Amino acid sequence: AQSVTQLGSHVSVSEGALVLLRCNYSSSVPPYLFWYVQYPNQGLQLLLKYTSAATLVKGINGFEAEFKKSETSFHLTKPSAHMSDAAEYFCAVSDDTGGFKTIFGAGTRLFVKA
Amino acid sequence: EAQVTQNPRYLITVTGKKLTVTCSQNMNHEYMSWYRQDPGLGLRQIYYSMNVEVTDKGDVPEGYKVSRKEKRNFPLILESPSPNQTSLYFCASSLRTGVFGEAFFGQGTRLTVV
């Protein structure tokens with residue numbers, strides 16, 4: 001069975017500092033991994049996705065994530081935080097075993113201090 | 001514009017009064033899904049559909065019904081709402097699962113059952 005664990009329900013960084021949001025997954029088959037962002041009063045939108053083509057994935061708004069199979073991790077990073085990055089971030093895992101069984105993590109709320 | 005449209009955005013109802021939340025997508029996606037979002041629990045899948053007339057239970061299906069009579073529409077039905085169904089609901093669609101599993105989300109429906 002698949003699962004996703006996001007370490008830290010809240011992360012606070014200063015503007016200009018490194019953003020690191022942690023995600024670990026469990027999957028018995030090769031996974032497809034996603035990061036979504038949710039701004040207040042909005043639905044989720046895709047930041048980036050890992051589909052086995054490359055382990056380092058670049059997404060929108062300067063975010064990137066690295067797939068590490070040995071660590072079963074897919075952490076999200078951004079070198080320099082902006083105030084506009086304040087939002088909730090969700091890691092998700094899917095696979096090709098059929099159905100629409102995308103599993104989401106509990107989410108990490110990012111706060112950016114001026 | 002490619003989008004998933006949910007209605008209504010906000011709904012307050014009383015216990016036991018049947019309600020329907022509509023969801024429509026204009027991307028000709030095969031896969032559609034309903035999630036509920038609760039603080040600290042992330043998104044939990046209620047039901048999903050892999051195509052017209054094909055639906056299956058997600059992780060928290062109790063108290064909900066769905067139907068998929070047309071490809072574009074996937075309504076969520078609460079036959080007898082209870083206060084524990086107070087939540088934020090999202091409809092999502094995707095072309096497929098796995099590598100094509102990028103989900104497009106609606107804006108959400110905030111439901112309060114009193």
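Values quoted throughout were computed directly from the atomic coordinates according to the rules given, and no laboratory measurement underlies them. Every value quoted in this text rests on a predicted model; they were computed, and no experiment measured them. Cβ atoms come from the backbone with ideal geometry, glycine included; neighbour counts cover every protein chain shown.
Numerical summary
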quantity	calculated
Principal axis dimensions, chain B - Cα atoms, whole angstrom, descending	39, 31, 27
Debye, to nearest 20: dipole size of the range A:56-114, +1 on Lys, Arg Cβ, -1 on Asp, Glu Cβ	160
The range A:16-114: Rg to Rh, with Rh as the Kirkwood radius over Cα pairs	0.96
Cβ-Cβ FRET estimate between B:Arg9 and B:Asp59, R0 fixed at 30 Å, reported to 0.05	0.80
³J(HN,Hα) computed for each position of the range B:23-36 - Karplus, 6.51 cos²θ - 1.76 cosθ + 1.60, integer Hz, glycine/proline x	9, 9, 10, 10, 10, 6, 6, 7, 9, 9, 8, 10, 10, 10
Residue-averaged beta-carbon neighbours from other chains (10 angstrom radius) around A:38-45	5
The range A:57-114: trypsin sites (Lys or Arg not before Pro) falling in loop per DSSP and having at most 13 other Cβ within 10 Å	A:Lys69
Pairwise centroid distance, computed over Cα atoms, of the range B:62-114 with the range A:28-81, Å	24
Cross-link pairs beyond the 27 Å C-alpha cut-off, checked among A:Lys69/A:Lys113; A:Lys58/B:Lys65; A:Lys69/B:Lys57; A:Lys49/A:Lys78	A:Lys69/A:Lys113; A:Lys58/B:Lys65; A:Lys69/B:Lys57
Surface/4 of the Cα convex hull for the range B:1-68, nm²	5.6
Kirkwood Rh, Cα atoms: Rg over Rh of the protein assembly as shown	0.97
Mean projection area, nm², convex hull over Cα of the range A:1-58	5.4
Local electrostatic count at B:Glu79 - Lys and Arg +1, Asp and Glu -1, tallied over other residues with Cβ under 15 Å	+2
